[in-house]
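Written below as structure tokens is the structure these notes are about.
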């Protein structure tokens with residue numbers, strides 16, 4: 001039989017075509033295992049954890065923006081929460097809710113409400129010098145589209161440093177055009193200079209009060225329980241964490257939001273076991289009763305809630321659970 005001079009070329013072409021078909025059928029992962037497949041490496045550097053800086057939604061005609069001031073990673077939650085309980089009981093509750101046992105995150109989440117007439121800020125964050133991963137309120141405001149000069153009203157839930165530390169910077173008001181609202185009982189407790197000579201914990205908080213709040217007193221109005229900060233926003237007495245702690249009820253066109261500040265801190269322990277003490281509560285029995293009162297109100301009336309230390313974006317609902325309550329994070333309800 002005569003030889004075909006084109007046969008070697010055809011065989012080579014056939015091998016190439018078969019290889020291409022194999023690559024297509026086997027997919028990329030299998031193709032990389034073939035000895036003649038090229039080895040491609042594409043590596044990007046690890047960039048670290050990242051949280052969103054703000055979350056915005058409508059509440060009736062009010063535009064609400066929750067801003068991330070930062071967070072602290074602390075040991076616990078036990079005994080910061082539930083110190084009067086057996087450690088294993090606290091851990092059992094945490095495990096049942098998929099919560100780590102040895103560390104917890106304490107976020108800081110101030111709230112901004114645009115009422116259409118005024119831009120209102122609830123609490124001012126830590127300020128730039130208090131904790132290493134906090135004090136980002138001004139940055140967060142700018143990312144959300146605001147400047148400090150646009151804030152018309154600053155409402156203070158209570159006078160702990162992580163809520164008032166961002167009111168001034170080196171003695172200068174951070175929100176130069178704002179007026180301020182504070183609970184009357186709260187201001188009267190923290191403002192006396194005699195507290196500067198108290199024990200270390202009280203003295204530290206009293207110094208923050210003297211630096212950040214007392215200089216603004218001339219531009220401040222003082223509320224009692226049920227007092228109206230401005231139309232649609234009224235105070236709810238919730239003492240215990242501090243003597244004059246105020247939560248706030250916000251309502252626009254029948255839609256409601258509770259801003260509970262630090263009356264309720266941990267999204268599992270403080271909600272499912274409201275009577276368990278928090279180390280930072282100044283009157284632990286009163287604080288437990290305030291927690292239950294707010295939780296009962298939110299659950300019964302199906303009011304949306306935001307808390308200063310809830311996992312960001314710190315927004316959700318409360319529902320009855322066993323003999324207490326359970327926090328239900330918001331889904332897409334506020335995106336519709």
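Overview of values
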{"quantity": "Which numbered condition residue 159 misses (of (1) under 19 Å from the mean Cα position of the chain (by Cα); (2) farther than 24 Å from residue 191 by Cα)", "calculated": "(2)"}
{"quantity": "Residues (in contact with a strand residue (DSSP E or B) (Cβ under 6 Å, 6 or more places away or on another chain) and either modelled with pLDDT under 95 or over 20 Å from residue 49 (Cα atoms) (or both)) located in the range 82-114", "calculated": "110, 111, 112, 113, 114"}
{"quantity": "Sole residue being surrounded by 13 or more Cβ atoms within 10 Å (Cβ to Cβ) and closer than 29 Å to residue 294 by Cα, chosen from 184, 228", "calculated": "184"}
{"quantity": "All strands (runs of 3 or more DSSP E) inside the range 241-336 with 3 or more residues being not assigned by TED's automatic domain parsing to the domain that holds residue 224", "calculated": "none"}
{"quantity": "Search result, residues across the range 214-228 that are closer than 29 Å to residue 196 by Cβ and either assigned to a strand (DSSP E or B) or in contact with a strand residue (DSSP E or B) (Cβ under 8 Å, 6 or more places away or on another chain) (or both)", "calculated": "215, 216, 219, 220, 221, 222, 223, 224, 225, 227"}
{"quantity": "Residue among 288, 331 that is surrounded by fewer than 21 Cβ atoms within 10 Å (Cβ to Cβ), closer than 25 Å to residue 140 by Cα and free of Cβ contacts under 8 Å to residues at least 60 places away in the same chain", "calculated": "331"}
{"quantity": "Output for the range 59-88, where each listed residue is loosely packed, with under 14 Cβ neighbours inside 10 Å and either assigned to a strand (DSSP E or B) or not assigned by TED's automatic domain parsing to the domain that holds residue 306 (or both)", "calculated": "73, 74, 75"}
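Residue-by-condition table, conditions (1) in contact with a helix residue (DSSP H, G or I) (Cβ under 8 Å, 6 or more places away or on another chain); (2) in the same structural domain as residue 249 (by TED's automatic domain parsing); (3) in contact (Cβ under 8 Å) with a residue 24 or more places away in the chain:
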| position | (1), (2), (3) |
| --- | --- |
| 110 | yes, yes, yes |
| 118 | no, yes, yes |
| 127 | yes, yes, yes |
| 133 | no, yes, yes |
| 142 | no, yes, no |
| 159 | yes, yes, yes |
| 168 | yes, yes, yes |
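The values are calculated or read from the model by the stated rules, or taken from the named source; none is laboratory data. A quick note: this is a predicted structure, and the numbers were derived from the prediction, not measured. Note that we place each Cβ from the backbone using ideal geometry, even for glycine, and neighbour counts take in every protein chain shown.
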